[in-house]
């Protein structure tokens, strides 16, 4: 169990991954996709950081802590990390900077590096700090090591 510290990089290794008869190496590849990993990782975060409570369903944040602060988990994949609202990501959707920055200012982001899954790095960052460093609400893959330094 860990206590949340902003701007600290935590390192974890997921030890148990299995599903039916699917070979574990294939499952590990699935978990490098943020769409697959997010559901399970959001739950796992509450075990690594017990002060977090997971918010079920499609809310505008994924967790809340005992002080009422809201957190949103975002995955760093082979394509980088996008922390704009989910309804602004994907084909046919438009990025609205003002709305994205306003939302970010209210959140602490849980940046989850899943590129080397099952090795996972976690970093909690104030949304306002991320927006200052990355106004496009997108962190390119080339800046991965800078983010998790």
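Coordinate-derived values only; no laboratory data. The shown structure was predicted, so the numbers you read here are calculated from the model rather than taken from an experiment. Neighbour counts are summed over all protein chains in view; Cβ atoms, including those assigned to glycine, are modelled from backbone coordinates with ideal geometry.
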For the chain, what does -39500 (n - 2.57) per DSSP helix run (n ≥ 4), summed and divided by total residues, give at 222 nm, in deg cm²/dmol to the nearest 500?
-7500 deg cm²/dmol
What do you get for the angle between helix 34-48 and the principal long axis of the chain? Use alpha-carbon atoms, 0 to 90 degrees, nearest ten.
90
By per-residue mean of other Cβ atoms within 10 Å, what is the highest-first order of 73-85, 118-130, 37-49?
73-85, 118-130, 37-49
Per residue, the convex hull enclosing the Cα atoms of segment 5-58 spans a volume in Å³ of 121
Dividing the alpha-carbon radius of gyration of the chain by 2.2 N^0.38 Å (N being the number of residues), what value is obtained?
1.02
Take the alpha-carbon centre of segment 76-149, take the same for segment 57-71, and report the distance between them in whole Å.
16
So how do 66, 36, 131 line up by other beta-carbon neighbours within 10 Å, fewest first?
66, 36, 131
Looking at the chain only, what percent of DSSP beta bridges run antiparallel? Nearest 5 please.
70
